[in-house]
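Read the structure below first, then the notes.
Values in this text are rule-based calculations from the coordinates and carry no lab data. This structure is a prediction, so every number in the text was calculated from the model and none was measured. Here Cβ is always computed from backbone atoms with ideal geometry, including for glycine, and neighbour counts include all displayed protein chains.
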Amino acid sequence: MNKIWLIIKREYLTRVRKKSFLVTTILIPLLIFGLMTSMIVLSLKSEQKQTIAVLDDSGFFKHKLDTSSESYSFKYVDRMQGESNKQLIERTKSDILLHVFPFNGMDADSILLYKEGGVSLSAKSYIGDELNTQYQIRLLESAGIDKVQIDSINSRSLQMKSYDLENNKETNSEIASSIGYAMGFLIYIIIFIYGAGVMRGVMEEKTNRIAEVIVSSVKPFQLMMGKIIGIGLVGLTQFIMWGVLMLILQLALPLLIPGLGESMHTGMPMSPDVQTAMQSIDENDKMKIYNAIMDQNWGMILSCFLFYFLGGYFLYAAMFAAVGSLVNEDPQEAQQLTIPITMPIIFGFIIMATSVKDPNSSLSIFGSLFPLTSPIVMMARIPYGVPLWQLILSMVFLVLGFVLMTWLSAKIYRTGILLYGKKVSWKEIIKWMRYS
């Protein structure tokens, strides 16, 4: 155990003291926030109010499109003798020309939009919404229906609440699915990044012949376990530092750039449907969402996240370490050998995407119990409330899966780490696992 601890200490300190570790740990959060800030600032600076020239030959929309938004305004115009569409836009100093042809009864014969370079999707959507609103009002009036009453009826809806039958506590499936998806996705990314880091670390020591020196004083299994735990602690340290830096930047940015906090919500380009949905959320709804988030069993969620983070990492890191010990100097070998490892991770992510919608389906239960997918899938189910027996069984299976996979990987590792100049076949790998 003392030798494993020395290897852990060596792996951890060697990587943490590298300039690349400090640069990536500090630079990545700064780069992410820099890109976000640049996108928002450029988006706000590029926002110019566009004028829409309305040439209404039907008279149907005459003086009815007087509404204006922060991005668009309507201007009613007439065409001069022999004037082209381009000349009309230039004369009226407009950006877009909306030409409404005469109606055939209550149906528009043709409605055309003109703009140099083409009309954007947001502009077309805005104009279409305004035209359809006025068109529907006219149809309702023709049918003798009061639009005010229709709007009053449409604004009313039935409110539903969901409760957990076991403790009679109100639940929020939208919040639960969001938390579950975020937690599962985070573990999915962690396994890929730091599992591959273990493989690269083993490959470097093998190609540099450092492993030969180390193996002369420690057992290959001790070397593998020390490397897995040491690199895992490096990843955990980096992950915590990223979280702290992201939080600091999140709090500091609105102070450094006044008005940016509001712009991050209102200035970002989004579809009209999303804008309407955001505007419809009043303070009372925001408080309900906040209370729903705080009502989650965060003690259970965070403790399970830590367990499945460590369990999933150790399980896959053992396999990545075994693959790293098989590779000589050809990176193509690593790509081919990692396919059987990455496939269960991808399957776990796919099952997780369905689990957030139906956490109690047969596929979701299987995915949360099977050790190769449970770190990702179970985190998507936990915010909904998982039966205790399933949670315990999943944890037991994960621990047993880790022990079995470490035992098999160690058999491959202790032979592969000292094997040079030969491309290993799957037949030989299976033979090592059976007889070594």
Highest to lowest packing among 353-362, 230-239, scored as the average C-beta count within 10 Å: 230-239, 353-362
Ranked by how many other beta carbons lie within 10 Å on average, peptides 404-415, 11-22 from highest: 404-415, 11-22
Mean Cβ count within 10 Å, highest first, over the residues of peptides 189-198, 139-148: 189-198, 139-148
Share antiparallel - DSSP beta bridges, segment 49-146, percent rounded to 5: 40 percent
